[in-house]
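Here's the structure we're looking at; comments come further down.
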Amino acid sequence: MVNKTDSQFRIRTHTLLTEGNPIWQDDKKFIMAFNAIEEKTIVSPHRCYTLYQIAQHANAINGSFAQVGIYKGGSAKLISASKNPKKSFYLFDTFEGLPKHDSKIDIYTEGKFADTSLEEVKELFKNDYNVQIHKGLFPTTGVNIPKDEKFAFVYLDVDLYKSNLEALEFFYSRMSTGGVIVFDDYGFNNCPGIEKSVYHFLQKSKANEKPIITTKFQAMLIKA
């Protein structure tokens with residue numbers, strides 16, 4: 001006899017499989033974790049599965065976790081559930097929507113994704129250990145990070161050219177060897193500034209790393 005919980009689990013699993021990437025079909029822990037945050041994120045299951053796996057990988061790397069661009073907190077909650085609780089996790093967002101955009105590059109405009117709040121996200125993380133949530137414009141709010149802090153995993157979901165470039169400039173030198181920076185909306189037509197900012201940063205800094213495409217609209221850098 002199948003109980004109600006098993007029945008619901010199987011229905012949600014089937015829903016995820018229809019997304020077109022059955023790679024997680026036997027990963028019940030991921031499916032349960034995604035189900036718990038599905039209403040709090042607009043990040044696709046494909047990209048969430050990559051975040052879930054990289055967060056687990058980064059547990060073995062020296063350094064903390066960080067995310068810039070939280071929105072309603074879904075993807076950050078998924079990462080938090082995957083990380084070693086002993087590692088600090090810094091979360092940054094304006095919680096007032098996107099900041100000023102560059103009309104020559106960006107498509108999304110100021111104020112988009114404002115339908116969230118600091119209070120809402122704090123409630124989502126009330127039982128999470130070692131999570132710090134900071135409201136305001138990054139990288140100004142980066143002063144809340146100790147100057148000698150190193151990072152194993154950073155997730156940037158900021159949609160705009162300047163925001164992504166400044167966050168990348170802030171974190172790149174703070175990454176541990178083997179640390180991973182993940183970019184959301186990489187190659188997405190509505191966010192052309194993400195791919196451009198990564199290209200311009202690597203060109204200017206003469207860094208040896210190259211973007212690795214993980215799945216559609218997502219890429220990462222691994223610090224050499």
* From the residues in the stretch 103-147 that are of a type in the set (Ser, Thr, Tyr) and in a loop (DSSP other than H, G, I, E, B), which one is farthest from the chain's Cα centre (by Cα)? -> Ser103
* **Failed criterion for Ser103 (all others in (1) more than 16 Å from Tyr71 (Cα to Cα); (2) of a type outside the set (D, E, K, R); (3) in contact (Cβ under 8 Å) with a residue 40 or more places away in the chain hold)** => (3)
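Under 29 Å from Ile23 (Cβ atoms), touching an Asp or Glu at 6+ places or on another chain (Cβ under 9 Å), surrounded by 20 or more Cβ atoms within 10 Å (Cβ to Cβ) and not charged (D, E, K, R), is that true of Leu160?
Spelling it out, it is not the case that Leu160 is under 29 Å from Ile23 (Cβ atoms), touching an Asp or Glu at 6+ places or on another chain (Cβ under 9 Å), surrounded by 20 or more Cβ atoms within 10 Å (Cβ to Cβ) and not charged (D, E, K, R).
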* For the stretch 178-224, name all the residues that are touching a Gly at 6+ places or on another chain (Cβ under 8 Å), buried (at least 20 other Cβ atoms within 10 Å of the Cβ) and in a loop (DSSP other than H, G, I, E, B). => Phe217, Lys223
* Which one of these is small (Gly, Ala, Ser) and touching a Gly at 6+ places or on another chain (Cβ under 9 Å): Gly74, Gly111, Gly69? -> Gly111
* Only one of (1) aromatic (Phe, Trp, Tyr); (2) buried (at least 22 other Cβ atoms within 10 Å of the Cβ); (3) modelled with pLDDT of 95 or more fails for Tyr108. Which number is that? -> (2)
* Asked: Does Leu91 meet the test of being crowded, with 19+ Cβ neighbours inside 10 Å, in contact with a Cys (Cβ under 9 Å, 6 or more places away or on another chain), modelled with pLDDT of 95 or more and not acidic (Asp, Glu)?
  -> no
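The values are calculated or read from the model by the stated rules, or taken from the named source; none is laboratory data. Note that this is a predicted model, so its numbers are computed, not measured. Using ideal geometry, Cβ is built from the backbone for each residue, glycine included, and neighbour counts are taken over all protein chains shown.
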